[in-house]
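The values are calculated or read from the model by the stated rules, or taken from the named source; none is laboratory data. What you see is a predicted model; the values in this text were computed from it and never measured. Note: ideal-geometry Cβ built from the backbone for every residue, glycine included; neighbour counts use all protein chains shown. Only protein heavy atoms, including side chains, enter the accessible area calculation; ligands, DNA and RNA are left aside. Shrake-Rupley method; radii C 1.70, N 1.55, O 1.52, S 1.80 Å.
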Amino acid sequence: MTLFLDRDGVVNDEIRDGYVLRPDMFHFSEGVLAAMPLLAKHFDRIVMVTNQRCIGRGLLTVAGLQEIHAQMLQQIELHGGRIDRIYFCPDLDNSSPCRKPATGMGLQAQMDFPDIDFTNAVMVGNTLSDMQFGKNLGMQTVFIPSTRPEVSFPHPLIDQRCQNLLEFAQSIQ
Ligand SMILES: [Mg+2]
C-alpha cells in the first residue's frame, strides 16, 4: 500500500497566513514522530505531496526547501520512520497541473514508482483540496481537521476523519 502525505497541517504545524521559510520555523505536529514508524511498518511506500507556493512567490528557494526537508527527514528517520520521496509544487497558478487538487504530483510519483496502485493508496491531508486530489486519483482519503475543524463529516470527499496523524496510524495497526 502507498501513503500520500500532505505536509503543512498534517506533519508540521501550519503557519497561519504564512509559510515555513526556515528550518527553525518547522515544528512537528503532536504525535507525528511517534506515528511515522507505525506508518513505515504498514505502508511499503510513503510519499509526501506538498504545495509550496512560497517558492513561486520568491519567498523561498528550492535549496531552502530542501534544507527544511533534510532536517525533517533526519528527525523522522531518527524516530524509526521514513518518507521515500517528496514532491512539491512551486507554482502560483491555481490551474497548474502539479498544484493539488490537480493530480500531477501523484502521477509523477507513479512514474517514479510504477508499483503504486492508487486503488490501494491513502491520501492524508488537512484540506478539501487534498481530499479532492486523493479522490481524483481513486484513493481513500483521511481528513485531519487541524486547521479546518468546521469541515463536516460524513463528507463525500472524506472516507475517514482522524484528529491527527498518530490517531490514523493507530487506527490501521
Ligand atoms: Mg496542508
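Taking 7 Å along the Cα-to-C-beta vector as the label spot, tell me the LEU73-LYS41 distance in nanometres, rounded to one decimal.
2.5 nm
For LEU92 and ASN136 in one chain, what is 0.36 nm times their gap in residues minus the Cα-Cα distance, to one decimal in nm?
13.8 nm
Run lengths n ≥ 4 of DSSP H only: what is the helix-derived mean residue ellipticity at 222 nm for the chain, with -39500 (n - 2.57) per run over all residues, to the nearest 500?
-9500 deg cm²/dmol
In Å², and per residue, what accessible area does the stretch 2-171 have when probed at 1.4 Å with the other protein chains present?
Value returned for the stretch 2-171: 46 Å² of accessible area per residue.
Using amide H atoms built in the peptide plane, which far-off residues or other-chain residues are under 5 Å from THR141 H to H?
Answer set, sorted by chain and number: MET123, ASP159, GLN160.
Where q = 0.11 Å⁻¹, what log10 of I(q)/I(0) comes from the Debye formula for the stretch 72-171, counting one point per Cα?
Each listed q maps to, in turn, -0.36.
With springs only between Cα atoms under 10 Å apart, run a GNM on the chain and tell me which of THR103, THR61, THR141 wobbles the most.
THR61
Could you give the length gained on full extension between SER171 and ASP84, defined as 0.36 nm per residue of separation minus the Cα-Cα distance, in nm?
Extra length available between SER171 and ASP84 comes to 29.1 nm.
If you put +1 on each Lys and Arg Cβ and -1 on each Asp and Glu Cβ, how big is the dipole of the stretch 2-171 around its Cα centre, in Debye rounded to 20?
Approximately 160 debye in magnitude.
Near the amide H of CYS89, under 5 Å away, which other amide H atoms are found, from residues 5 or more places off or on another chain, if H is placed in the peptide plane?
Here the answer is THR50, ASN51, GLN52, since their amide H atoms fall under 5 Å of that of CYS89.
Roughly how large, in nm² to one decimal, is the mean projection of the convex hull of the alpha-carbon atoms in the stretch 2-171?
That works out to 9.0 nm².
With both partners inside the chain, how many of the DSSP beta bridges are antiparallel, as a percent to the nearest 5?
10 percent
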